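Visitor: Got a structure here, written out as structure tokens. Questions coming.
The values are calculated or read from the model by the stated rules, or taken from the named source; none is laboratory data. In this text, all values refer to a predicted model and were calculated from it rather than measured experimentally. As a convention, Cβ positions derive from the backbone with ideal geometry for all residues, glycine included, and neighbour counts pool all protein chains shown.
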Amino acid sequence: MNEYYLQEKSIFINTICGKYSNTLQAKKNPKLYAHINIYFRLLPWSLLKGVSIYSEQSYEHSPWSPYRQSVNKIQIDGNNLIMENYKLESAYRFAGSGFDEQILSTIKEQNLSRRENCEMIFYKSGKASYKGELKQDHKYIVERDGRKTYLVSKVEFDKNKFISIDEGIDIKTAEKVWGSENGYFEFQKVYETLK
């Protein structure tokens with residue numbers, strides 16, 4: 001891999017890693033937005049033989065019970081960065097890895113299985129800002145309340161903020177089944193970290 005691609009991965013990782021919180025949004029509209037924290041933590045190169053990060057999302061009132069956890073391997077595809085998605089088996093064992101390095105260090109390759117059709121593709125929208133969406137549109141299927149939906153996921157971030165929205169669309173009727181009813185979640189970076 002040439003120096004350019006290594007530099008691009010480094011900029012991406014330095015930009016996304018850290019803790020984000022939507023405190024301002026939740027305080028402004030507490031009936032519309034729950035108070036949520038998101039963590040992105042750099043993982044050892046040896047885990048997936050490449051650059052990867054751990055991500056965790058939890059409600060402020062319940063940091064030890066995250067509702068979303070994953071490991072993401074970063075790849076380069078032309079001018080874009082691809083974030084492969086890996087599921088953590090028995091994910092509850094790794095709850096708190098976003099803010100506890102000791103727990104984070106217990107994640108091993110055998111704990112991971114790749115989620116097919118769930119890669120996010122990111123492109124630069126500025127010097128150190130990115131926009132991303134699912135690479136395989138309409139392909140990642142999520143079942144909610146007995147209905148099969150495909151995931152629509154969009155993200156924007158830079159060194160100060162992280163904006164995202166996830167929605168589930170019925171695969172037969174194209175009706176929205178789940179997801180935010182009030183638009184994007186808006187997070188501000190609380191602190192930066194690469195560990």
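Visitor: Look through region 1-21, keep the residues that are out of contact with any His (no Cβ under 8 Å at 6 or more places or on another chain), not aliphatic (A, V, I, L, M) and not in a helix (DSSP H, G or I), and return whichever of them is surrounded by the fewest Cβ atoms within 10 Å (Cβ to Cβ).
Guide: 2
Visitor: I would also like to ask the following. What's the number of the only condition in (1) crowded, with 19+ Cβ neighbours inside 10 Å; (2) over 20 Å from residue 122 (Cα atoms) that residue 24 fails to meet?
Guide: Going through (1) crowded, with 19+ Cβ neighbours inside 10 Å; (2) over 20 Å from residue 122 (Cα atoms) one by one, residue 24 breaks only (1).
Visitor: Going by the conditions given, is residue 84 over 23 Å from residue 22 (Cα atoms), of a type in the set (Asp, Glu) and under 15 Å from the mean Cα position of the chain (by Cα)?
Guide: When the stated conditions are applied, residue 84 passes them.
Visitor: Check region 160-168 and report whether any residue there is assigned to a loop (DSSP other than H, G, I, E, B) and in contact (Cβ under 8 Å) with a residue 12 or more places away in the chain.
Guide: Start the filter on region 160-168 by keeping residues that are assigned to a loop (DSSP other than H, G, I, E, B), which leaves 160.
If we keep only those that are in contact (Cβ under 8 Å) with a residue 12 or more places away in the chain too, we end up with 160.
Scanning region 160-168, I find at least one residue that is assigned to a loop (DSSP other than H, G, I, E, B) and in contact (Cβ under 8 Å) with a residue 12 or more places away in the chain, so the answer is yes.
Visitor: Hey, any hits in region 57-76 for a residue that's out of contact with any Leu (no Cβ under 8 Å at 6 or more places or on another chain) and over 24 Å from residue 190 (Cα atoms)?
Guide: yes
Visitor: Residues in region 77-95 that are part of a strand (DSSP E or B) and in contact with a Leu (Cβ under 8 Å, 6 or more places away or on another chain): how many? If you could, list the steps in order and put the result at the bottom.
Guide: Filtering region 77-95 for residues part of a strand (DSSP E or B) gives 77, 80-88.
Applying the additional criterion that residues be in contact with a Leu (Cβ under 8 Å, 6 or more places away or on another chain) yields 86-88.
Within region 77-95, residues that are part of a strand (DSSP E or B) and in contact with a Leu (Cβ under 8 Å, 6 or more places away or on another chain) number 3.
Visitor: Let me ask another. Taking only region 22-48 into account, find how many residues are over 18 Å from residue 188 (Cα atoms), part of a loop (DSSP other than H, G, I, E, B) and either at pLDDT below 95 or of a type in the set (S, T, N, Q) (or both).
Guide: 1
Visitor: Look through region 73-93, keep the residues that are in contact (Cβ under 8 Å) with a residue 40 or more places away in the chain and surrounded by 19 or more Cβ atoms within 10 Å (Cβ to Cβ), and return whichever of them is farthest from residue 38 (Cα to Cα).
Guide: 81
Visitor: Please tell me if residue 163 is surrounded by 14 or more Cβ atoms within 10 Å (Cβ to Cβ) and more than 22 Å from residue 37 (Cβ to Cβ).
Guide: No: the conditions fail for residue 163.
Visitor: May I pose another question? Name, by its number, the condition in (1) more than 22 Å from residue 80 (Cβ to Cβ); (2) in contact with a Gly (Cβ under 7 Å, 6 or more places away or on another chain); (3) not β-branched (Val, Ile, Thr) that does not hold for residue 46.
Guide: In the conditions (1) more than 22 Å from residue 80 (Cβ to Cβ); (2) in contact with a Gly (Cβ under 7 Å, 6 or more places away or on another chain); (3) not β-branched (Val, Ile, Thr), residue 46 misses (2) alone.
Visitor: Moving on. Filter region 1-60 down to the residues that are of a type in the set (Ser, Thr, Tyr) and in contact (Cβ under 8 Å) with a residue 60 or more places away in the chain, then identify the one that is nearest to residue 110 (Cα to Cα).
Guide: My answer is 39.
Visitor: If the Cβ limit is 7 Å and pairs must be 6+ apart or interchain, which residue in region 130-150 that is on the phi < 0 side of the Ramachandran plot and surrounded by 18 or more Cβ atoms within 10 Å (Cβ to Cβ) pairs with which residue that is small (Gly, Ala, Ser) and outside any loop (DSSP other than H, G, I, E, B)?
Guide: 134/153; 149/168
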